1. Tally Lys and Arg at +1 and Asp and Glu at -1 over the other residues with C-beta under 13 Å from the C-beta of THR115: what net charge comes out?
2. In debye, nearest 20: dipole of region 31-146 around its Cα centre with unit charges on the Cβ of K, R (+) and D, E (-)?
3. For Cα pairs less than 8 Å apart in space and 6+ apart in sequence, what is the mean separation divided by the residue count of region 18-128, i.e. the relative contact order in percent?
4. Projected onto the charge dipole of region 1-94 (+1 at Lys/Arg Cβ, -1 at Asp/Glu Cβ, origin at the Cα centre), which of TYR67, PHE18, ALA44 gives the Cα projection farthest towards the positive end?
5. For the ranges 43-56, 101-114, what's the packing order if you count other beta-carbon atoms within 10 Å of each residue, average per peptide, and put the highest first?
6. Given a 1.4 Å probe and the protein chains all in place, what does the accessible area of PHE18 round to, in Å² to the nearest 10?
7. Which order do the peptides 265-275, 24-34 take when ranked by the mean count of other beta-carbon atoms within 10 Å per residue, highest first?
8. For THR60, what accessible surface area do you get with a 1.4 Å probe? Give it in Å², rounded to 10.
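The values are calculated or read from the model by the stated rules, or taken from the named source; none is laboratory data. Because the structure is predicted, anything quoted here is derived from the model rather than measured. Here the Cβ positions follow ideal geometry from the backbone for every residue, glycine too, while neighbour counts run over all protein chains shown. Heavy atoms of the whole protein, side chains included, go into the accessibility calculation; ligands, DNA and RNA do not. Shrake-Rupley method; radii C 1.70, N 1.55, O 1.52, S 1.80 Å.
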Amino acid sequence: MTTTDLERESLLKLMEPFNADQIGLLPRVTCSDCSDKNKNCTKAGHVKQKCEICKAYVSTKHIHIDYVGHADVTARLLKVDPYWSWEPFALDETGLPALDTDKYGNPVGMWIRLTVCGVTRPGYGSVPSNQHDAVKVLIGDALRNAAQRFGVALAQWQKGDRDNPAAENPVADPGQRAAPKHQAAQAQIVVDTDWVDVFEKRLAESSLDTVAGFRRDVTEAMQTRRINSETANRLMTLVQERQKILNGPADGLPRNQDGTIARRQVTDEQLAEVGTMTGSEKSAHNKLVKDVTSNPQIAERGPLPEDPWVKGGSA
């Protein structure tokens with residue numbers, strides 16, 4: 001089986017169904033005034049109270065959709081690929097993830113990229129403008145949305161789409177979701193390629209003491225509009241990779257999380273060059289250890305040498 005076949009098999013495992021006790025009910029407010037914390041909805045029958053079905057304290061003008069929580073989605077991703085990761089589509093002028101906001105500046109949306117088994121797909125997280133701890137909730141919603149592109153909890157998403165096409169986010173503005181303002185503005189920035197070339201050359205020569213400062217250089221370049229967010233994300237990735245190299249072992253071989261050499265990613269020639277047992281040598285060593293520990297032998301003891309301090313010796 002090739003690496004591609006193994007990755008495909010792993011990705012298909014993401015689509016496995018969830019247990020009934022992992023599926024909950026998510027309330028979605030369908031009234032824009034009720035979902036806006038800066039408005040007091042006065043429409044008849046629109047009051048905030050505890051729902052007996054989903055147990056949430058929410059406007060009576062809401063619907064329920066089946067969903068799988070952030071923790072269970074994360075557990076599924078870890079099961080399939082322990083090294084999965086996500087990153088925001090863009091960074092703001094402070095170097096933090098760029099967020100979509102409402103007219104009052106409240107976070108309401110965020111685009112991300114989710115990478116599983118080497119495959120990267122987009123996702124979008126959204127919350128009402130009155131959401132408590134909005135950024136934290138945005139991350140969870142964006143991960144669920146991106147994971148759905150891989151088939152995670154797809155049955156729940158399909159059910160919601162069929163029962164109510166607007167159920168995923170009934171109060172969102174489709175136009176703003178499809179083209180966030182910050183992405184359009186970033187696209188207009190003309191990248192200073194000369195600055196980028198010099199930055200990459202300096203980074204390649206950086207040391208463990210100086211490499212951290214390159215993050216600040218990227219942020220300042222964004223603030224002065226020398227580079228756009230796409231270039232900034234790429235350069236930040238280069239800085240991270242440089243830090244890993246400088247912090248890595250002297251032999252330069254890839255490592256597992258516990259610090260041991262990732263033998264599946266190296267050849268016997270590479271192992272021999274750094275004085276480490278090759279695959280065949282390690283197998284022979286393991287067999288020897290197993291034979292010795294499973295069949296212990298009593299060593300024969302020869303005569304003890306004479307002690308000069310006992311016979312004829314003087315103190």
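1. Residues near THR115 contribute 0 overall.
2. Its charge dipole is roughly 400 debye.
3. 20
4. Of TYR67, PHE18, ALA44, it is ALA44.
5. So the peptides 43-56, 101-114, ranked by packing, come out 101-114, 43-56.
6. Looks like 30 Å² after rounding.
7. Top of the packing list down: 24-34, 265-275.
8. Probe radius 1.4 Å; accessible area of THR60 about 50 Å².
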